[in-house]
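The values are calculated or read from the model by the stated rules, or taken from the named source; none is laboratory data. Keep in mind the model is a prediction, meaning the values are calculated, not measured. Using ideal geometry, Cβ is built from the backbone for each residue, glycine included, and neighbour counts are taken over all protein chains shown.
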Amino acid sequence: MSNPANTSVIETVAALPAGIRKPLTKKEISSDHPTWCPGCGDFAVLALYFKMIERRQLWQEKITTVSGIGCSSRFPYFVQAHGAHFIHGRALSFASGVSLSRPDLHVFVFGGDGDAFSIGGNHFTHTARKNIKLTYVVMDNWVYGLTKKQTSPTSPLGFKSKTDIWGAVDYPINPMKQAISAGASFVARTTHSNPNHVLQMMEAALDHDGFSFIECLSECVEFYDGAFDASNPRKGGKFNLVPADHDVTDEQAAYKLASEPFPGHFGIFYKSTKPTKNAKEATVNAGAMEKFKGLKDWQILQKTFDRMK
Ligand SMILES: Cc1ncc(C[n+]2csc(CCOP(=O)(O)OP(=O)(O)O)c2C)c(N)n1
Ligand code: SF4
Ligand SMILES: [Mg+2]
């Protein structure tokens, strides 16, 4: 995106017939050096996104990376492929447009807990209920990192921040419960401190035909150091996988898993198969095209307006 020299490489390589391309490596997909604080959990998530792209050979013209605003939302700057760093909280609405108009692409959206659940709360609910085909990774650090430590919707009670100097008094939202109840058809939980698991969840989300949501704990070492120690075995915590006998199609069971106190479990909580908005709209569009066959665009538009009278 920000490196014109590399952009021309993308275009040249994209024009090559299938089979002539050299395998895609991290070199072709990484752009600027990430500017996060040393030790930030976001580094791991980005590295695993690169790894997934490399493993699955997702060439630049097959994917797009979208984000809102926040530290985690800097993602598209660091990926040498198509993408957009959009308005705070509005990443999902932009990404929905991309997904619906370009069903051949896989759309990945990255962002923070504030972006997703404060200003973007409405967009989250509606994108989930519409089952728009895209993957949304919320890098949850329980704080507003970019703006230097305000309480976020996932900050636990008692968290001291610049907006709650005596400690947070508002009950936090539970991203997993929120995703399940909004109608997301794939809901998973992972943590930056377990790279293999992050990769597994990202690949499973990529393969899902629908709205896939991943809550990825990603520590803000600057403003919420140690937040996730209880989930990290290297810090004396516990990383428990979703039990093998958990039925991912059972919404009630998923909700029960999501209700556990921290650190809870990690893995796929819920997964269902239901038609996407992409598929349903494609059917409606095909029917309309057939009905209006032979008419000019302006005539179709006129007819549509006439029906609204
Ligand atoms: C409309 C609007 N309101 C507020 C802001 C200021 N702002 C930028 S990022 C952010 C929150 C970032 O927190 P989060 O989404 O959790 O991302 P993090 O930085 O923690 O990764 C806020 C409030 C903004 N950029 N635009
Ligand atoms: S402020 Fe926090 S979230 Fe932002 S880059 Fe630094 S450690 Fe990461
Ligand atoms: Mg945050």
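What to note about this one:
- Segment 64-102, residues that are hydroxyl-bearing (Ser, Thr, Tyr), under 23 Å from LYS149 (Cβ atoms) and surrounded by fewer than 23 Cβ atoms within 10 Å (Cβ to Cβ): TYR77
- Residue, farthest from the chain's Cα centre (by Cα), within segment 95-113, restricted to residues that are more than 16 Å from ligand 2 (Cβ to nearest atom) and part of a strand (DSSP E or B): HIS106
- The set of residues in segment 249-271 being without any contact (Cβ under 8 Å) to a residue 24 or more places away in the chain and either under 23 Å from the mean Cα position of the chain (by Cα) or surrounded by 11 or more Cβ atoms within 10 Å (Cβ to Cβ) (or both) consists of THR249, ASP250, ALA253, LYS256, GLU260.
- Qualifying positions in segment 57-74 - more than 10 Å from ligand 1 (Cβ to nearest atom), among the hydrophobic types (A, V, I, L, M, F, W, C) and not in a strand (DSSP E or B): LEU58, TRP59
- Where helices (runs of 4 or more DSSP H) fall wholly inside segment 228-309, the ranges with 2 or more residues that are over 30 Å from GLN200 (Cα atoms) are 277-291, 297-308.
- Reported count of residues in segment 45-76, each being of a type in the set (A, V, I, L, M, F, W, C) and within 15 Å of ligand 3 (Cβ to nearest atom), is 4.
- Residue match in segment 220-239 (condition: of a type in the set (Lys, Arg) and in contact with a helix residue (DSSP H, G or I) (Cβ under 8 Å, 6 or more places away or on another chain)): yes
- Among the criteria (1) within 25 Å of LYS162 (Cα to Cα); (2) in a helix (DSSP H, G or I), the one HIS197 does not fulfil is (1).
- For the condition loosely packed, with under 12 Cβ neighbours inside 10 Å, without any contact (Cβ under 8 Å) to a residue 24 or more places away in the chain and hydrophobic (A, V, I, L, M, F, W, C), PHE305 qualifies.
- Taking the numbered list (1) surrounded by fewer than 20 Cβ atoms within 10 Å (Cβ to Cβ); (2) within 16 Å of ligand 2 (Cβ to nearest atom); (3) of a type outside the set (A, V, I, L, M) in turn, HIS126 passes all entries but (2).
Let's see how each residue does on (1) more than 16 Å from ligand 1 (Cβ to nearest atom); (2) closer than 18 Å to GLU203 by Cα; (3) touching a residue at least 40 places away in the same chain (Cβ under 8 Å); (4) outside the structural domain of THR135 (by TED's automatic domain parsing):
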residue: LYS26; (1), (2), (3), (4): yes, yes, no, no
residue: ARG55; (1), (2), (3), (4): yes, yes, yes, no
residue: PHE86; (1), (2), (3), (4): no, no, no, no
residue: LEU92; (1), (2), (3), (4): no, no, yes, no
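- Test: GLY167 is on the phi > 0 side of the Ramachandran plot, assigned by TED's automatic domain parsing to the domain that holds GLN57 and within 16 Å of ligand 3 (Cβ to nearest atom): no
- For ALA116: the one exception among (1) over 12 Å from the mean Cα position of the chain (by Cα); (2) in a helix (DSSP H, G or I); (3) within 14 Å of ligand 1 (Cβ to nearest atom): (1)
- Residue list for segment 85-121, filter: at pLDDT 95 or above and among the basic types (Lys, Arg): ARG90
- For segment 11-20, the condition holds for at least one residue, the condition being that it is of a type outside the set (A, V, I, L, M), at pLDDT below 65 and within 24 Å of SER99 (Cβ to Cβ).
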